[in-house]
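To start, the structure itself, in structure tokens.
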Amino acid sequence: MTMDTFFILCLGWAGIFLPTALGAIGSIIGCARAGQAACGALLDVETGYGRLVGASALPSSQTIYGIVVTMQLNRVVTPEAAPGLFAIGLLVSLALLFSAILQGGCCASAINATKTKPEVFGLAIAPAAIVEGFAVFAFIFGMIVGGGIPGGAAG
Amino acid sequence: MKRMRMLSATEYYMLVASLPHMPRTFLVERVPISQSRLAERLKLLSPSDADVVSQVQRFLQWDRQPTARSDQEIQQEYDRLMQSIKNLLVRRIVEYRMDVRTITSALRRRRLGMTAPTGVGRWVDHIRKNWDQDNFRIVRDHPWVPLVCKSLSTNDPLEVERLLLQATWAEWTNLADQYHFTFESVLLYLSRWEIVDRWTRLNESQGRNRFDILLKEALGEQQHANW
């Protein structure tokens, strides 16, 4: 095996695991921010604790999407499959990473708004749901395109 | 250092979310959070951030003291503050407040037929150059100046105070709209809290004075009736 081939195979392996890794990093940051906002809001409200803490868990879904994409991409890594695995794995994982971090910010803002006006919770959480929608797009199309890479069930 | 800042950035999410909503106007009956509770919440800050907050609080405390000071004393305090403050937003907060003070001082001095003030801040030279001009030609940057002039001429000190606080409030609220869950949003919350506190206390003392006047009137009428 040449050095170039080894490097290409490494990229392929990285592409398989990146969606899980970066999805998890995004979820960690997003959930931490929203969770801390929820903890702060708990100091200022008398009721409705459950939905505040519940809203802070929304960015965790990106890790699940990442795991599923990793399982879809997982196969014997060959020089033919590696570039595709790396490209799709990296791009999907970046989408998951940013969506989780920014969704955490949306959740924190929703928690902050709900604290003062509990009746706006449904509307306030809508931006976070929209961000989630984009993560789902990246996840689904990552699955579809990933299925066509050589070595997979459909490839 | 950068890594530490990234980790500590999430601290502001908890602190900002723990502070009650700041109303869009300072013309309210009471502060959104009591001073003791606010101090309790500020304990969530890191020591270095707490130092910056102390600087802001010391300035705002100094700013609201009614004691008469000479221009030289104010100049010295301003220079000392500007040398010690490194945070850009805090500098902006101090500068704007001092600008308002300088312009108001100039308006009062001109009304009393005095010379242009030495003052501090960015507008001193501009005011001196435009001392004889209507509103010192600063209405574009400070649209509140004609209103304050009008209230000064009608001898309405409470309205003057309200207009000055309104100008500062508007500036700081515009700034606050640009920050979310950051240290800057904490600083601007504190600055606006101080305005609400100042106004509610002003209203409180005004109410007490009014009550005293009514009481004296009532007692006077009572004595007159008895006599």
What is the spread of the Cα atoms of chain A along each of their three principal axes, largest first, in whole Å? 65, 26, 17
Principal-axis tilt of helix A:82-116 within chain A, Cα atoms, nearest 10 degrees: 0 degrees
Helix A:126-146 vs. chain A, principal-axis angle (Cα, 0 to 90°, nearest 10): 10 degrees
With a point put 7 Å past each Cα toward its Cβ, work out how far B:GLN57 is from B:ARG30 in nm, to one decimal. 2.1 nm
Degrees between helix A:3-42 axis and first principal axis of chain A (Cα, 0 to 90, nearest 10): 0 degrees
Cα pair distances exceeding 21 angstrom across region A:12-74, given as percent: 37 percent
Calculate the translational D of region B:45-221 in whole µm² s⁻¹ from Stokes-Einstein, where the hydrodynamic radius comes from the Kirkwood formula applied to all Cα pairs, the temperature is 20 °C and the viscosity 1.002 mPa s. 119 µm²/s
From the square roots a ≥ b ≥ c of the eigenvalues of the alpha-carbon gyration tensor of the protein assembly as shown, which class results: rounded (a/c under 1.5), prolate (a/b over b/c), or oblate? prolate
Mind giving me the nanometre distance, one decimal, between the label points for A:MET3 and B:LEU158, set 7 Å out from Cα along Cα→Cβ? 8.3 nm
Restrict the search to region B:94-160; then list the chymotrypsin sites (Phe, Trp or Tyr not before Pro) that DSSP places in a loop and that have at most 14 other Cβ atoms within 10 Å of their Cβ. B:TRP131
Ranked on Cβ counts within 10 Å of their own Cβ, fewest leading, A:VAL77, A:VAL69 go A:VAL77, A:VAL69
Kindly count the pairs of lysines across the protein assembly as shown whose alpha carbons are less than 30 Å apart, treating pairs on different chains or eight or more residues apart as eligible. 6
Where the only charges are on Cβ atoms (+1 Lys, Arg; -1 Asp, Glu), what is the dipole of the protein assembly as shown about its Cα centre, to the nearest 20 debye? 540 debye
With labels modelled as points extended 7 Å from the Cα through the Cβ direction, what inter-label distance (nm, one decimal) is found for B:THR115 paired with A:ALA129? 6.9 nm
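Any read-out appearing in this document is the output of simple, stated calculations on the displayed coordinates, not a laboratory observation. For clarity, every value in this text was computed on a predicted model and none was experimentally measured. Cβ sites come from the backbone with ideal geometry, for glycine too, and all protein chains shown count toward neighbours.
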